[in-house]
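The values are calculated or read from the model by the stated rules, or taken from the named source; none is laboratory data. Since we're looking at a predicted model, the values are computed, not measured. Neighbour counts run over all protein chains shown; Cβ positions are idealised from the backbone, glycine included.
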Amino acid sequence: MAGRRVVVFPSSAELGPVLAQLVTSRAEKAIASHGRFTLGLSGGSLVSMLGKELPALPDLDCSKWVVGFCDERLVPFDDPESTYGLYKGQLFSKVNIPDSGILTIDSSLPVNECAEDYTRKLKEAFPDDKFPVFDLLLLGMGPDGHTCSLFPDHPLLEETKKIVASISDSPKPPPQRVTMTFPVVNSARCVAFVSTGGSKAPVLKEVLEGREGPAYPAARVVPTNGELFWLVDDPAASSLTIQVERLGSGAKL
Ligand SMILES: O=C1O[C@H](COP(=O)(O)O)[C@@H](O)[C@H](O)[C@H]1O
């Protein structure tokens, strides 16, 4: 597929530093062009990777960063399932993103109101955009092919109007979540999936090489005008037959 880069690393130890370089290079570019860097974070395994790699960078300046969440679980921030709570402990406490630049859900609200409240926060942060245009979205993919909290065969896959949607029947716990919709994901200037581990190999092959039947949610991420990266490790890539780029930890994207 034109414009898509599938990049394979020997392990997540080599992938992590290149992900950090991608974040800082897109941050520099965004700040030079429009004065701030808007970053959307996913949860799951990304949290510990970013929490390790970003604070380790010398002279990292996040004072012009605005950070949102691609999806979030509707649990209190001190619950171990809270994506914000995990990032707070592992990343936000170690770098200088202003508190006002971190767009969180209000986890005290019922799930529909929580989605409306988060929609309002995103609209305020992106007043000029019909759908927020993030400089970079970092996505994960579950072994079932979901991304954000967009799960296979769920009606939310067809959402075309909302910026943020609520979900009360997530097949992966916790059941109540809010999620960015595909129109937002596909409006981003750059989207990078990070997918590691052998449990992802069968679905990664179908997402990247096609399958019979409906496309997995992750395969529906095709930015309209933006870049698309798949950063994967060898175990996740073990079933691929397409051409991939093979890089090590010093690479630049
Ligand atoms: O539940 C979720 O899972 C996905 C995938 O997580 P991973 O640990 O398999 O990488 C994640 O991207 C999403 O934000 C999260 O809510």
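Any residue in the range 140-155 that is under 17 Å from the mean Cα position of the chain (by Cα), of a type in the set (A, V, I, L, M) and part of a loop (DSSP other than H, G, I, E, B)?
Checked the range 140-155: at least one residue is under 17 Å from the mean Cα position of the chain (by Cα), of a type in the set (A, V, I, L, M) and part of a loop (DSSP other than H, G, I, E, B).
So if I check each of P76, P127, which one is at pLDDT 95 or above, more than 20 Å from the chain's Cα centre (by Cα) and closer than 24 Å to P183 by Cβ? Give the steps one after another, and end with the answer.
Values: P76 fails: closer than 24 Å to P183 by Cβ.
None of the others qualify; the one that does is P127.
Look through the range 134-193, keep the residues that are polar (S, T, N, Q) and within 10 Å of the ligand (Cβ to nearest atom), and return whichever of them is surrounded by the fewest Cβ atoms within 10 Å (Cβ to Cβ).
S170
Looking for whichever is of a type in the set (V, I, T) and part of a helix (DSSP H, G or I) here; the options are V207, V222. Which one fits?
Numbers: V222 fails: part of a helix (DSSP H, G or I).
Sole residue among the options that is of a type in the set (V, I, T) and part of a helix (DSSP H, G or I): V207.
Quick check: is even one residue across the range 201-208 buried (at least 23 other Cβ atoms within 10 Å of the Cβ), within 22 Å of V23 (Cβ to Cβ) and within 11 Å of the ligand (Cβ to nearest atom)?
Checked the range 201-208: no residue is buried (at least 23 other Cβ atoms within 10 Å of the Cβ), within 22 Å of V23 (Cβ to Cβ) and within 11 Å of the ligand (Cβ to nearest atom).
Here is a list of conditions, (1) out of contact with any helix residue (DSSP H, G or I) (no Cβ under 7 Å at 6 or more places or on another chain); (2) under 25 Å from S187 (Cα atoms); (3) part of a loop (DSSP other than H, G, I, E, B), and T104 meets all of them except one; can you say which number that is?
Result: T104 fails condition (1) only.
Could you tell me which of the residues R211, R220 is basic (K, R), surrounded by fewer than 18 Cβ atoms within 10 Å (Cβ to Cβ) and either within 12 Å of the ligand (Cβ to nearest atom) or under 18 Å from the mean Cα position of the chain (by Cα) (or both)?
R220
Here are K130, K121: which of them is loosely packed, with under 15 Cβ neighbours inside 10 Å and either within 16 Å of the ligand (Cβ to nearest atom) or more than 13 Å from L39 (Cα to Cα) (or both)?
Details: K121 fails: loosely packed, with under 15 Cβ neighbours inside 10 Å.
Matching residue, one of K130, K121: K130.
Within the range 1-100, considering only helices (runs of 4 or more DSSP H) that don't extend past its boundaries, which have at least 1 residues that are of a type outside the set (S, T, N, Q), surrounded by 17 or more Cβ atoms within 10 Å (Cβ to Cβ) and touching a residue at least 60 places away in the same chain (Cβ under 8 Å)?
Details: elements: 12-34, 46-53, 83-87.
Output list reads 12-34, 46-53.
Within the range 61-74, does at least one residue satisfy the condition of being touching a Lys or Arg at 6+ places or on another chain (Cβ under 9 Å), among the aliphatic types (A, V, I, L, M), more than 16 Å from the ligand (Cβ to nearest atom) and more than 14 Å from F134 (Cβ to Cβ)? Don't jump to the end; show me each part of the working.
Filtering the range 61-74 for residues touching a Lys or Arg at 6+ places or on another chain (Cβ under 9 Å) gives 64-66, 68, 71-74.
Still in the list and also among the aliphatic types (A, V, I, L, M): 66, 74.
Among the residues that remain, those that are also more than 16 Å from the ligand (Cβ to nearest atom) are: 66.
Subset that is more than 14 Å from F134 (Cβ to Cβ): none.
Looking for residues that are touching a Lys or Arg at 6+ places or on another chain (Cβ under 9 Å), among the aliphatic types (A, V, I, L, M), more than 16 Å from the ligand (Cβ to nearest atom) and more than 14 Å from F134 (Cβ to Cβ), one finds none in the range 61-74, hence no.
Does A20 meet the test of being at pLDDT below 95 and under 22 Å from V232 (Cα atoms)? Give the derivation first.
Numbers: at pLDDT below 95: no; under 22 Å from V232 (Cα atoms): yes.
No, not satisfied.
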